[in-house]
1. Could you tell me whether residue 67 is touching a His at 6+ places or on another chain (Cβ under 6 Å), crowded, with 24+ Cβ neighbours inside 10 Å and closer than 25 Å to residue 129 by Cβ?
2. Give the residue that is farthest from residue 179 (Cα to Cα), with candidates limited to residues of region 1-48 that are polar (S, T, N, Q) and assigned to a helix (DSSP H, G or I).
3. Only one of 112, 140, 54 is assigned to a helix (DSSP H, G or I), in the same structural domain as residue 156 (by TED's automatic domain parsing) and without any contact (Cβ under 8 Å) to a residue 24 or more places away in the chain; which?
4. Kindly provide the set of residues from region 6-21 that are crowded, with 22+ Cβ neighbours inside 10 Å and among the small types (Gly, Ala, Ser), ordered by number.
5. Which residue is farthest from the chain's Cα centre (by Cα), if the candidates are limited to region 261-277 and must be closer than 14 Å to residue 246 by Cβ and outside any strand (DSSP E or B)?
6. Would you check which residues across region 206-237 are surrounded by 14 or more Cβ atoms within 10 Å (Cβ to Cβ), closer than 20 Å to residue 269 by Cβ and of a type in the set (Gly, Ala, Ser) and list them?
7. Would you confirm, using the coordinates I've provided, whether residue 266 is among the charged types (D, E, K, R) and either touching a Ser or Thr at 6+ places or on another chain (Cβ under 6 Å) or in contact (Cβ under 8 Å) with a residue 24 or more places away in the chain (or both)?
Amino acid sequence: MIEAASAISEHPLATHAVGEVAGSVLDRIGPGADLVFAFATGDLTGALEDIAPALRTLLETDIVIGATACGVLEGRREVEDSSALSIMALRGLEARLVRFEPGTAEPVGGWAALDPALEDSRDLVLLADPFSSPVSEIVAAADALDRPIRLHGGLASAGSGPGGNRLIHGRSVFDAGAVGVCLRGATLDSAVSQGCRPIGQPLTVTGSVGNVVTELASEAPLPLLRRLALEASEVDRARMASGLHVGLVIDEGNPDEFTTGDFLIRGLLGADHDTGAIAIGAPVELGATIQFHVRDAETATADLHRRLADSAASAAIAFTCNGRGKRLFGSPDHDAAAIVELTGASALTGMFCAGEIGPIGGRNHVHGFTASTLLISDSKDLTPC
């Protein structure tokens, strides 16, 4: 049976914060957790090498994994603008830590070494530094295995450059690469909800070089975008001005109608006014279908509720985009409160990410402007690793 307890402290002193969260968790489920997740805001980065061993000692566990972020979540709360430490302790499942060295897409010891840990489950929570870890390559490698692994997680968001993030991995704290944990002995599910709404019509890429789109439907993209802005409503024009994004269709095999959730969202990086080409945050192949998107709070709310409808969980870990929160919804606690309300989770932790990781359509993806939620509930079968 899964036992879970989460706690948060906004005390700016690390020693006080650790004492508060550990005391709260111990009061509810006691010591000896099988796994502890810990997420800390950037002002606690320098103290993480003290925070991690303190949590191991107080909670009597060796398996602690976590990351630094620009904001954290716990229970029904989200803390974006102040110091905070959020943790969750879990008992009733099995966990095995995984390490990816900087610049590598294969875990230490190789993917084959994970087979014993993943015999009855193919789920791995991945926390990565965006400046030193080839996350897209890790995602592709996990998909290419004979027995693919489902990835859940996100990119650390506390640092603005290399060396600015921290990753907790058991007894170690790293400032680069990626860390993960294989989970077994529980029922795991994932819900990835979008934060953007498509505008205009789906368009076929008829010219591209890498991440530069030179033609859409045999026309230069920039003039097409200008027409789209002129034809859009006043509200959508304002949203386009504040941030325009591009959605890449995930499954080209269903071309009848594309809606929210059918796209991988990527940023529009720039445009060449001489050629009319645009650059986006991902390579684009000829023949791919794309559609422009705008950030939209109502769509984000509706999709989150749709993805979590009829879900139930003992615990939840939320990896939400750092472009959501108060920036998108205008008020705090949106995603955390909705996840707890919809799933009935008794414990929730998580972080605001510089990119979210979660499976859609049977494949793993790195997302943008999403809320990727890992749901943990009881499993009847538990066999030793």
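The values are calculated or read from the model by the stated rules, or taken from the named source; none is laboratory data. Keep in mind that what you see is a predicted model, and the values were worked out from it rather than measured. Every residue, glycine as well, gets a Cβ built from its backbone with ideal geometry; the counts of neighbours run over all protein chains shown.
1. no
2. Just the residues of region 1-48 that are polar (S, T, N, Q), to begin with: 6, 9, 15, 24, 41, 45.
Next cut, assigned to a helix (DSSP H, G or I) only: 15, 24, 45.
On the way: 15: 24, 24: 26, 45: 16 Å.
Residue satisfying both the conditions and the ranking: 24.
3. Values: 140 fails: without any contact (Cβ under 8 Å) to a residue 24 or more places away in the chain; 54 fails: without any contact (Cβ under 8 Å) to a residue 24 or more places away in the chain.
Being assigned to a helix (DSSP H, G or I), in the same structural domain as residue 156 (by TED's automatic domain parsing) and without any contact (Cβ under 8 Å) to a residue 24 or more places away in the chain holds for just one of 112, 140, 54, which is 112.
4. 6, 7, 9, 17, listed by residue number.
5. Within region 261-277, the subset closer than 14 Å to residue 246 by Cβ is 262-271, 277.
With outside any strand (DSSP E or B) added as a condition, the list becomes 262, 277.
Details: 262: 17, 277: 30 Å.
Within region 261-277, the match that is farthest from the chain's Cα centre (by Cα) is 277.
6. Scanning region 206-237 gives 207, 208, 220, 229.
7. Yes: the conditions hold for residue 266.
Results for (1) within 30 Å of residue 207 (Cα to Cα); (2) surrounded by fewer than 18 Cβ atoms within 10 Å (Cβ to Cβ); (3) assigned by TED's automatic domain parsing to the domain that holds residue 222, shown as yes or no for each residue.
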| position | (1), (2), (3) |
| --- | --- |
| 240 | yes, no, yes |
| 247 | yes, no, yes |
| 265 | yes, no, yes |
| 276 | yes, no, yes |
| 285 | yes, yes, yes |
| 310 | no, yes, no |
| 316 | no, no, no |
| 331 | no, yes, no |
